[in-house]
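The values are calculated or read from the model by the stated rules, or taken from the named source; none is laboratory data. Everything numeric here is computed off the predicted structure, so don't read it as measured data. In this analysis, Cβ positions are derived from the backbone assuming ideal geometry, glycine residues included, and neighbour counts consider all displayed protein chains.
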Protein chains: 2
Amino acid sequence: MNKVSFVQLSPSDNVVVAISELAPGHILEVGGESVATVNRIPAGHKVAVRAIKQGEAVYKFGSQIGSATADIAAGEHVHSHNLQHKHDVITEVPSTDPPAAPAKLERTFEGYVRPSGRVGTRNYIAVISTVNCSASVSQFVARRFEGDALADYPNVDGVFAVTHETGCGMGYATLRHEMLSRVLVGAARHPNVAACVLIGLGCEQGSMGYLFEKHGIVPLHAPDGEKLTRDKGDAIPVLTMQDEGGTRKTIERAVQIVKDLLPVVNANRRETVSASELSVGLECGGSDGYSGITANPAVGCAADRIVASGGTAMLAETSEIYGAEHLLVQRSRSPEVALALIERIEWWKEYVGMFGLELDNNPSVGNKAGGLTTIAEKSLGAVAKAGSTALEAVYQYAEQVHQRGLVVMDTPGFDPASVTGMVAGGANMILFTTGRGSCFGCKPTPSIKIATNTAMYDRMIEDMDLNAGTVVEGSTVDQVGEEIYNKILAVASGEKTKSELAGIGDYEFIPWTVGPTL
Amino acid sequence: MNKVSFVQLSPSDNVVVAISELAPGHILEVGGESVATVNRIPAGHKVAVRAIKQGEAVYKFGSQIGSATADIAAGEHVHSHNLQHKHDVITEVPSTDPPAAPAKLERTFEGYVRPSGRVGTRNYIAVISTVNCSASVSQFVARRFEGDALADYPNVDGVFAVTHETGCGMGYATLRHEMLSRVLVGAARHPNVAACVLIGLGCEQGSMGYLFEKHGIVPLHAPDGEKLTRDKGDAIPVLTMQDEGGTRKTIERAVQIVKDLLPVVNANRRETVSASELSVGLECGGSDGYSGITANPAVGCAADRIVASGGTAMLAETSEIYGAEHLLVQRSRSPEVALALIERIEWWKEYVGMFGLELDNNPSVGNKAGGLTTIAEKSLGAVAKAGSTALEAVYQYAEQVHQRGLVVMDTPGFDPASVTGMVAGGANMILFTTGRGSCFGCKPTPSIKIATNTAMYDRMIEDMDLNAGTVVEGSTVDQVGEEIYNKILAVASGEKTKSELAGIGDYEFIPWTVGPTL
Ligand SMILES: [Ca+2]
Ligand SMILES: [Ca+2]
Ligand SMILES: [Ca+2]
Ligand SMILES: [Ca+2]
Ligand SMILES: [Ca+2]
């Protein structure tokens, strides 16, 4: 494909973005009309495609990114000299204006229907460590099932360990404890996890007990020789190293439990299910100047298709939503949903403020040089992943997500902690956009990595699943969105992603922690 | 050995601790005198061995744990009804009273003398991940050197990966960033690490650059084929996945670098060095009622021997020092050292206060039932690990420790985060006491695990290196201290600990993080 000279992110926009530097007099063909540039337009900067009067709204991504501070002629450069935006903190939401539901899409994929009714895209056995003190043991158990060990169990995607750096040295039932517990329970009950075993040390501060008491995990302490499987209702085999008599004995016993589980899990079969069973987490990591104009808007088009299919799309990374939250407020299903989002933003401001930091998404000097003018414009580049449908619900970190449609989960922007929250919430697919080139993967959920630019895609092709850089070479964002959506259905049905083929995902399951290590 | 009925923790104490319940009239032979118990004394509780007048100090661990609130007869039960302690917050330290230096010990071990002059007890190659985004790659590199891969390099203890859950999503040069950087630099320069390679993703928030700029790491970007070794001064080979073109290419290149390093590192030889080259971190994990009367005081005796040898003993776990800090203040080399400790305690109070928590080491209901009366007594059980020498310096988390003698490093009580700080500071040996039975290990430093009680020692003997439970069976704490000290010298010279034999230590290197994930 040939490079195009500009991209219009939404047909309703009155500005377009120059892909390469445009000389004065360059002809832009937009919506059947020709506009000649008035000034030199640097790459990544905006140019008006219609006359915009002083005080009139400037639209990009189909959203208002600010107001004109002077009359702007068609073809004129739009930037800090003639565009500004006041980021108002919303405190009251009398009403919202959710968009109409998109036309229904009827698509299917081949998934694992679990007894809970949820559908997995993978078929794993998880060895879940409740505390760091059992992390090595849990990893050693999983590693006994590498290589040829699963040759007789072709339907099992793997045995993996969920380990982390915490689980003790924290107040009982504090936010930190509760967040970790949600993550561990989310792993145990994940639709991609057909069976699991929990391993603890024994003396950690109630980590195990809290899972039983507050999160309804039913422990299965089986007598020797008895098979431990999901057949026994929801009960989960539980071991502690202190009861078992140390590392080696715990490993041997857990390995035996997994061996007993293998034939049961191997008997699971994929079946044709509606695409409404997709629960897709949206993540951006290592962004660049193209993220907001290629991969993120294309993911937004895919997110709209997921919602049109009846599935769930999860926007996360609250600290990066800040600045564009008013648009999600407007799109919220109800004032209550909008207020839940605002409450999370306010929590973040207070939380980072405790450490003398600010939630500040004002474009940096580099951003401004690259053509981003306002905070709304910058954040919209991230929020573009959420497409255009109504916001149906807002979840706390790692809460179980049951709502269909577009939802927000409160997570940090830090990729592994953010994705871990969405996976714990039940995400059976991750869309991960990257400009600089992240090699992220996260078991047990496949992560489709989408490059924002062709140069990086070519350089890191062993780690990239799709190239959205084609948007600046003539594809529309909608075409790339369709490509992403089809890839989701293929991967959900069993096609391996690049990070799965590389074996990534054992060190990227990272519970977000808030509060002190004691 | 036969069970003894009580233990006196210091010859100057006016109380002893009952090991089992003592009936009234039970004869205690203490310092050549016989004392008959007046009341029933529950196990773990204190009994006076001399008359103590109202207002007089009560001594345990050789330290004042409070004052008598009534006249106490020899043989009488000492607890909340006749003992109290007011925990005063110290704000001014006009003078201190450091004890005289212990008589010099002249011992040696067989260690690796590094070009820096520091001495290693092990000979490792480390693959250090600057950010979680390169954690999987770093682990994959290390795993290529498992099994028989090092058969030709018998002097190399192993190739291990230093990975963690952070390195991005944090403010540049914030406390969080600085603490992580100290830990990574501490690993790179550790005397047990003969050579290392640094691996990053490329776009993480200045993690790599900060190490170069603020911590003096000199990156070595070698042309293909050139050998990368420590021979080239202090320069360290550095790779980023984005420059290398993704996961596989980075792994292959790092594996080649490690292969080039192996013969160089294998050429290192142990030589006889003074025990003054010992730098020993003291840690307590999974304590029980015996921790404060068996293993911790015995470790204190070993710490005194380390100091007498001219080496360094590091007390840590600031949140567990709280309540006994006044005793360390008294023992401080100077008011400046004392004030540095107080400053850290004050920092902790403010830090946990931000989350609505308190630094509260008041004995819990369970502690009180077990015989612990005052906060000073409880904290002394932890501080007992520090022995009786003068406090020479106070370090921030993961700072490089160069001071000889007893020092404090500010760490949380959470074992892996605490030990990681001490290891980063240069600890070439860890003493780890445990009552409930922790199976902790931490590469690259051997961790000697010392059981507080014989029952657990027997049950978890595959994970325990020493049994301090013999203190309640007739050994003195000093005898066990001597046993620990001899074990340190043997392990420092190459004897493997139980956790090294079990292969533990790849998932326990955990940088302490303070401040928000963004
Ligand atoms: Ca993890
Ligand atoms: Ca900013
Ligand atoms: Ca992110
Ligand atoms: Ca680690
Ligand atoms: Ca500890």
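Computed quantities for the displayed model
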item: Some residue of segment B:330-347 being under 26 Å from B:T454 (Cα atoms) and in the same structural domain as B:E495 (by TED's automatic domain parsing); result: no
item: Selected residue [more than 14 Å from chain A (Cβ to nearest Cβ), at pLDDT 95 or above and under 30 Å from B:S20 (Cβ atoms)] from B:K385, B:K368; result: B:K385
item: Residue in segment B:503-513 that is more than 16 Å from ligand 4 (Cβ to nearest atom), aliphatic (A, V, I, L, M), in contact (Cβ under 8 Å) with a residue 24 or more places away in the chain and crowded, with 22+ Cβ neighbours inside 10 Å present; result: no
item: Residue check for B:S276: surrounded by fewer than 24 Cβ atoms within 10 Å (Cβ to Cβ), more than 16 Å from ligand 1 (Cβ to nearest atom) and over 20 Å from B:F440 (Cβ atoms); result: yes
item: Failed item in (1) assigned to a helix (DSSP H, G or I); (2) more than 16 Å from ligand 4 (Cβ to nearest atom), with B:C203 passing the rest; result: (1)
item: Every residue from segment B:300-348 that is under 19 Å from the mean Cα position of the chain (by Cα) and among the β-branched types (V, I, T); result: B:I306, B:V307, B:T312, B:T318, B:I321, B:I345
item: Residue within segment B:333-344 that is of a type in the set (D, E) and crowded, with 16+ Cβ neighbours inside 10 Å present; result: no
item: Options A:Y397, A:Y351: the member that is more than 15 Å from ligand 2 (Cβ to nearest atom), within 26 Å of B:C133 (Cβ to Cβ) and surrounded by fewer than 22 Cβ atoms within 10 Å (Cβ to Cβ); result: A:Y351
item: Number of the condition not met by A:E165 [criteria: (1) away from ligand 4 (no atom under 16 Å from the Cβ); (2) touching a helix residue (DSSP H, G or I) at 6+ places or on another chain (Cβ under 7 Å)]; result: (1)
item: Filter result for the condition that a residue is farther than 28 Å from A:R107 by Cβ and small (G, A, S), over A:G289, A:G311, A:G300; result: A:G289
item: Matching residues in segment B:70-88 - criterion: being without any contact (Cβ under 8 Å) to a residue 60 or more places away in the chain, under 23 Å from B:L22 (Cα atoms) and part of a loop (DSSP other than H, G, I, E, B); result: B:A70, B:D71, B:A73, B:A74, B:G75, B:E76, B:H81, B:N82
item: Test: residue in segment B:175-186 that is within 16 Å of ligand 3 (Cβ to nearest atom) and either in a loop (DSSP other than H, G, I, E, B) or not assigned by TED's automatic domain parsing to the domain that holds B:Q396 (or both); result: no
item: Condition check for A:L359: within 16 Å of ligand 3 (Cβ to nearest atom), assigned by TED's automatic domain parsing to the domain that holds A:S418 and in contact with a Phe, Trp or Tyr (Cβ under 9 Å, 6 or more places away or on another chain); result: yes
item: Candidates B:V307, B:V299, B:V329 - the one that is buried (at least 23 other Cβ atoms within 10 Å of the Cβ), touching a Leu at 6+ places or on another chain (Cβ under 9 Å) and under 30 Å from A:P516 (Cβ atoms); result: B:V299
item: Yes/no for B:G167 being crowded, with 24+ Cβ neighbours inside 10 Å, part of a loop (DSSP other than H, G, I, E, B) and within 14 Å of chain A (Cβ to nearest Cβ); result: yes
item: Considering residues of segment B:131-157 that are touching a Leu at 6+ places or on another chain (Cβ under 7 Å) and more than 14 Å from chain A (Cβ to nearest Cβ) only, the residue nearest to A:S287 (Cα to Cα); result: B:V156
item: Selection from segment B:180-203 of residues that are surrounded by 24 or more Cβ atoms within 10 Å (Cβ to Cβ) and within 14 Å of another protein chain (Cβ to nearest Cβ); result: B:L180, B:V183, B:I199, B:G200, B:L201
item: Positions within segment A:437-478 being in contact with a strand residue (DSSP E or B) (Cβ under 7 Å, 6 or more places away or on another chain) and among the hydrophobic types (A, V, I, L, M, F, W, C), in sequence order; result: A:F440, A:C442, A:I448, A:I450, A:A451, A:M464, A:L466, A:A468, A:V471, A:V472
item: Qualifying residue in segment A:448-466 (condition: within 12 Å of another protein chain (Cβ to nearest Cβ), touching a Pro at 6+ places or on another chain (Cβ under 9 Å) and part of a loop (DSSP other than H, G, I, E, B)); result: no
item: Test: A:T166 is closer than 30 Å to B:V352 by Cα, modelled with pLDDT under 95 and within 15 Å of ligand 1 (Cβ to nearest atom); result: yes
item: Qualifying strands (runs of 3 or more DSSP E) (wholly inside segment A:234-315; at least 1 residues being over 30 Å from A:L372 (Cβ atoms) and modelled with pLDDT under 95); result: A:236-240
item: Residue list for segment A:491-502, filter: more than 30 Å from B:T130 (Cβ to Cβ) and without any contact (Cβ under 8 Å) to a residue 12 or more places away in the chain; result: A:E495
item: Residue within segment A:45-66 that is aliphatic (A, V, I, L, M), touching a residue at least 12 places away in the same chain (Cβ under 8 Å) and outside any strand (DSSP E or B) present; result: yes
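Let's see how each residue does on (1) among the small types (G, A, S); (2) surrounded by fewer than 24 Cβ atoms within 10 Å (Cβ to Cβ); (3) in the same structural domain as A:C301 (by TED's automatic domain parsing):
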{"site": "A:A427", "(1), (2), (3)": "yes, no, yes"}
{"site": "A:T433", "(1), (2), (3)": "no, no, yes"}
{"site": "A:T445", "(1), (2), (3)": "no, no, yes"}
{"site": "A:I448", "(1), (2), (3)": "no, no, yes"}
{"site": "A:M460", "(1), (2), (3)": "no, no, yes"}
{"site": "A:E473", "(1), (2), (3)": "no, yes, yes"}
{"site": "A:T476", "(1), (2), (3)": "no, yes, yes"}
{"site": "A:V480", "(1), (2), (3)": "no, no, yes"}
{"site": "A:Y485", "(1), (2), (3)": "no, no, yes"}
